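Have a look at the structure below, then the notes.
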Amino acid sequence: MIRSMTGFGRCEKVTSSHAIIVEIKSVNHRYFEFTSRVPRGYGFLEEKLKSYLQTKVSRGKMDVYVSYETLETGDVQVQVNHDLAAGYAAALHELSRRYGVKEDLSATSLSRYPDVLTVRRSPEDEGRVWEAVRIVLDEALVSFLAMREAEGARLREDVLQRAQTILKLVSDIEQRSPQTVEEYRKKLEARLREMLADVKIDEQRILTEAAVFADKVAVAEETVRLRSHFAQLSAMLDSGEAIGRKLDFLVQEMNREANTIGSKASDSSIAYMVVDIKAEIEKIREQIQNIE
C-alpha cells in the first residue's frame, strides 16, 4: 500500500515511574528531513529518534515532540550553596544594623533566595529512558502510519482515475489519427482537380504526398510509449514500496510523449485532446508530490 507523506500521530502514557507524551507530524519533502523537541537534559534522544524513524519512514519532513517527566522520588539530592547563603545572611545582617530595622532571618526565609537550594537527580540510565520512550513512540506511529496509508489510498485512487481518463483520450487519438491522413488525401486531390481542371491528375503523386504527410503526423510510437508508462504507473502503485521519486520521473516521461504528440498534431481535435492529456498529467504530477 502506498503512503502519503502527510501524517500525524500522538500517544500519551503514564506509569508509576514516568509520564511520556510523543507527537509525530510530517509533510511532503523530497527527502527525509528530521527535527525534534525533547526535554532539556535528554538530548541523547534526538539521534535515537531519528535513526529509529528512518527505519519506518523513507521520505517526508518529520517533526517529533517528546515530553518526559520522571515521577519517581528516589535518588533526589537537595544541595545547599553555603557560600551564597552566607553572602545573603551577611547582607541582611548589614541592612538590619545600618538602618536599624528588625533582623528576622530564619533558615526558611534564607532558603527562598535564588540558588541557595538546588535539587539534583541522579543521572538516569539512557537505555532505560529510550526504551520507555520507544514504547510510546511505537504507539504514536500506529496512528501516524495509518493516516499516511489512508491518505495514500485516496491519492492512488485519484491517480488511477486520471490515468484512465488519459488512456481514453489516447484511444481517441489513435482512432482519429488515420482519419486525418485520409482527409488530407481527399483535400489534396480536390485542390489539384480545382487547379488543374481537365488535366489528368497523377494519382501516384497524391499517394506519395499522403504517405509523407502520414509519416509526419504519425503518433503510434508515442501512444504506445504512453500506454507503457501508464502500465508502469499502475504496477508501481500496487508495489507497496516507496515510489514517490520514481513516479516523478515517470510523469516527466509521460509529459514528454504528450508534447511530441502535440507537436505532430495537424488536426484541431487531436490538439484539443493533447491539451486535456497534459492537464491530467499535471494533476497527477501534483498528487504524486505527496506520495512517499
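Here, each number is a calculation from the coordinates, and none is a lab measurement. Everything numeric in this text was worked out from a predicted model, so none of it was measured. Cβ coordinates were reconstructed from backbone atoms using ideal geometry, including for glycine residues, and neighbour counts include every protein chain displayed.
Take every Cα pair under 8 Å whose residues are at least 6 apart in sequence, average their separation, divide by the length of the range 10-68, and the relative contact order is 49 percent.
If you take the Cα centroid of the range 114-138 and the Cα centroid of the range 261-278, the two points sit 66 Å apart.
For His18, the amide hydrogen comes within under 5 Å of the amide hydrogens of Leu71, counting only partners 5 or more places away or on other chains and with H modelled in the peptide plane.
Residue-wise HN-Hα couplings along the range 25-33, as the Karplus relation 6.51 cos²θ - 1.76 cosθ + 1.60 with θ = phi - 60° gives them from phi, are 10, 8, 9, 6, 7, 5, 10, 8, 10 Hz; Gly and Pro carry x.
For the range 76-121, the Kirkwood radius over C-alpha pairs fed into Stokes-Einstein at 10 °C and 1.306 mPa s yields D = 139 µm² per second. For the range 136-141, putting each phi into the Karplus relation 6.51 cos²θ - 1.76 cosθ + 1.60 with θ = phi - 60° gives couplings of 5, 4, 4, 5, 5, 5 Hz, in residue order, rounded to whole numbers and with x for Gly and Pro. Between amide H atoms placed 1.01 Å from N, distances below 5 Å from Ser36 occur with Val64, all of them 5 or more places distant or on a separate chain. Relative to one another, the C-alpha centroids of the range 27-52 and the range 231-256 are positioned 29 Å apart.
Among 252-258, 38-44, 4-10, sorting by the average number of other beta carbon atoms lying within 10 angstrom of each residue, highest first, gives 4-10, 252-258, 38-44.
Dipole magnitude for the range 78-186: computed about the Cα centre from +1 point charges on Lys and Arg Cβ and -1 point charges on Asp and Glu Cβ, it is near 320 debye. Taking θ as phi - 60° and the Karplus parameters 6.51, -1.76 and 1.60, the scalar couplings of the range 97-110 work out to 5, 6, 9, x, 9, 5, 9, 10, 5, 9, 4, 5, 5, 5 Hz in sequence order, x denoting glycine and proline.
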